[in-house]
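Structure record follows, encoded as structure tokens.
Every number here is computed from the coordinates shown, using simple stated rules; none is lab data. Quick caveat, the model's predicted, so the values are computed rather than measured. Here the Cβ is made from the backbone with ideal geometry for all residues, glycine too, and neighbour counts use every protein chain on show.
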Amino acid sequence: MQRYARIIGTGSALPERLVSNAELVRELAQRGVETSEEWIVARTGILQRYLAPPEVSSSMLGADAARAALGAAGIEAASIDLIIVATSTPDYVFPSTACLIQKSLAIAGCPAFDVQAVCSGFVYALACADAMIRTGAASRALVIGTEVFSRILDWNDRGTCVLFGDGAGAVVLAADSAPGILASKLHADGRHEQILRTAGHVSGGGITGHPFLTMDGPAVFKLAVSVLDSVAREVVEAAGLTLADIDWLIPHQANVRILHATGRKLGLPAERVVITVDQHANTSAASVPLALDTATRDGRVRSGHRVMMQGVGGGFTWGAVLAAI
Ligand code: UT7
């Protein structure tokens, strides 16, 4: 019997504090950082973001999203036998955020580890969990993307600080004789590591390097549009399908202009592209599961639909997972 991994529940969590563009522009002006609501909306499509207070960590948001996904799946945390967390803003250098979430869920024994692929992290984690379920190494996995990117933003850099938000999303994957995840494709090209990075580290009791995110926006934009197109074509072909068979495209939510360009290049109507970047801004590894949960809970994504999730970001990394819901 063929063994597949199927998404049986989704969940998400956002910090309480919603910060509109107007509020952010006011706060940045007090620091002497000049930006405008008009620029943010016109260049990115972002209207607002959620920002976590200092006491809220990635593991807390991730555990809340996991509990919501378990609730949607109607299963107990005790039946989970694998936890994979995608994050670039872990609580600690170690232990992993996955182990902290495992503790928060009051379960023990199953493997738990973090995946580091920045904004492609959730798609990477989903592909890993799928492979482990298909080989029989696991039967019920929690796959979580969670971030507090606000912690690594330079609030004096208007080119990056208006773009990101905090949040978490999660899915429960379960072994099934019916698909399930139909195909996945992952890529990286470390030659582009310098265009998007946080090149700092904890060392000798202090921070070495630069502890804030830096980005060559136009270079990332150009690469993102190109690889989101190529990996979409690759993954539908691997599944023996065509782009016309896709009900929903859920790309990484970085910029509404990238989302529209990707949809256009693939010939998918705008109504089939899920957009949440306007509401959440760029939440890195959390963006795809947050968008999937939003579109599932509002009734757009339904049983029988085929959903293509796409990640792209620092590394440079990119990938896609095609799933039948
Ligand atoms: O999550 C990982 C993936 N990340 C992405 O995919 C992000 C990809 N990149 C982007 O989304 C876009 O490149 C940005 C939104 C980051 C920037 O948009 P852009 O159209 O590429 O603008 P730009 O960087 O070329 O800057 C255009 C102008 C510059 O002014 P001059 O040099 O033309 O006078 C910037 O200084 O916009 C200026 N600018 C701003 N102005 C007001 C940059 N940031 C701001 C700002 N407010 N916040």
Under the rule of -39500 (n - 2.57) per DSSP H run of 4 or more residues, summed and divided by the residues of the chain, what mean residue ellipticity at 222 nm is obtained, to the nearest 500 deg cm²/dmol?
-10000 deg cm²/dmol
Treating cross-link reach as a plain straight distance, find the lysines whose alpha-carbon is under 27 Å from the alpha-carbon of Lys103, omitting any fewer than eight places away in the same chain.
none
Would you please give the FRET efficiency between Glu237 and Arg26, computed as 1/(1 + (r/R0)^6) with r the Cβ-Cβ distance and R0 = 51 Å, to the nearest 0.05?
0.55
Relative contact order as a percentage, the chain, C-alpha pairs under 8 Å and 6+ apart, gives 25
Cα gyration tensor category, rounded, prolate or oblate, for the stretch 75-121 with a/c compared to 1.5:
prolate
Using +1 at the C-beta of Lys and Arg and -1 at the C-beta of Asp and Glu, which of His201, Ile83, Ala238 has the Cα lying farthest in the positive direction of the dipole of the chain?
Ala238
Could you calculate the contour length gain from Asp157 to Val202, that is, 0.36 nm times the residue separation minus the distance between their Cα atoms, to one decimal place in nm?
14.0 nm
Straight-line reach check, Lys265, cutoff 19 Å on alpha carbons, 8 or more apart in-chain or any other chain, hits among aspartates and glutamates -> Asp229, Glu234, Glu237, Asp245, Asp247
Using DSSP loop states and a limit of at most 11 other Cβ atoms within 10 Å to flag GluC sites (Glu not before Pro), what is the longest stretch of the chain containing no flagged site?
77-325
For the stretch 149-166 and the stretch 190-214, what is the centre-to-centre distance using only Cα atoms, to the nearest Å?
15
Using DSSP, restrict attention to beta bridges with both residues in the chain and report what percent are antiparallel, rounded to the nearest 5.
75
Mind checking the dipole of the stretch 63-148: about its Cα centre, +1 per Lys or Arg Cβ, -1 per Asp or Glu Cβ, Debye to the nearest 20?
140
Could you work out Rg/(2.2 N^0.38 Å) for the stretch 24-95, with Rg from alpha carbons only?
1.62
Going by a ≥ b ≥ c, the root eigenvalues of the Cα gyration tensor, does the stretch 50-129 fall in the rounded group (a/c under 1.5), the prolate group (a/b larger than b/c) or the oblate group?
rounded
Counting each pair of different Cα atoms once, what's the Kirkwood radius of the chain in Å, rounded to one decimal?
19.5
Binning every alpha carbon pair distance of the stretch 90-215 at 10 Å from zero, what are the percents per bin?
10, 35, 33, 18, 4, 0
Förster radius 22 Å - calculated FRET efficiency between His187 and Ala219 (Cβ-Cβ, nearest 0.05):
0.85
Note down the relative contact order for the stretch 140-246 as a percent, whole number, built from C-alpha pairs under 8 angstrom at least six residues apart.
24
Arrange the peptides 276-282, 40-46 so that the one whose residues have, on average, the most other Cβ atoms within 10 Å appears first.
276-282, 40-46
Let's see if you can work this out: charge +1 on each Lys and Arg Cβ, -1 on each Asp and Glu Cβ, no other charges. What is the dipole magnitude of the chain about its Cα centre, in debye to the nearest 20?
500
